[in-house]
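One structure is given below, encoded as structure tokens.
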Amino acid sequence: MNDKKNVLDLGPFFHGTKAELKIGDLLEPLYLSNYQDKKSNHIYFTGTLNAAKWGAELARSNSKERIYIVEPLGDFENDPNLTDKKFPGNPTRSYRSKSPLKIVAELGSWERHSDEEINHMLTSLKKLSEEGKNVIYD
């Protein structure tokens, strides 16, 4: 576990996905990304429920959307895809790690973004893709 005096954020932390996992399972890097057709070098997580909801809602799959409460098992850093690129500082409290995250709980219920918000986000992401700007720095 991280040395508390050097931790970026004390949590709690969330991971939004459509993968069905169990308490105690580990989320690890080097698995297929939820968002691109490639393996990810990092595992991504957030300290905000709102960002975790986007993770669950936008993950590529027709499975049930899920949000897990996770515990980082190693060092982590600010997610460079969001920090200072899209949002100055790190207001989304978005992080990534090359160490596993342990599933400690699943949120039983949470309120999704509206269909209008989700469709707007999907349209924005499609536009970025068409412009070649949908790069994830992993």
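Each reported figure results from applying straightforward, stated rules to the coordinates on display, with no laboratory input. These numbers come from a predicted model, not from an experiment. Cβ sites come from the backbone with ideal geometry, for glycine too, and all protein chains shown count toward neighbours.
Here are a few things to note about the model shown:
- Sorting Val104, Val70 by the number of Cβ atoms found within 10 Å of their own Cβ, with the fewest placed first, yields Val104, Val70.
- Which listed pairs, of Lys64/Lys98; Lys98/Lys127; Lys18/Lys102, have C-alpha distances above 20 Å, in listed order: Lys64/Lys98; Lys98/Lys127
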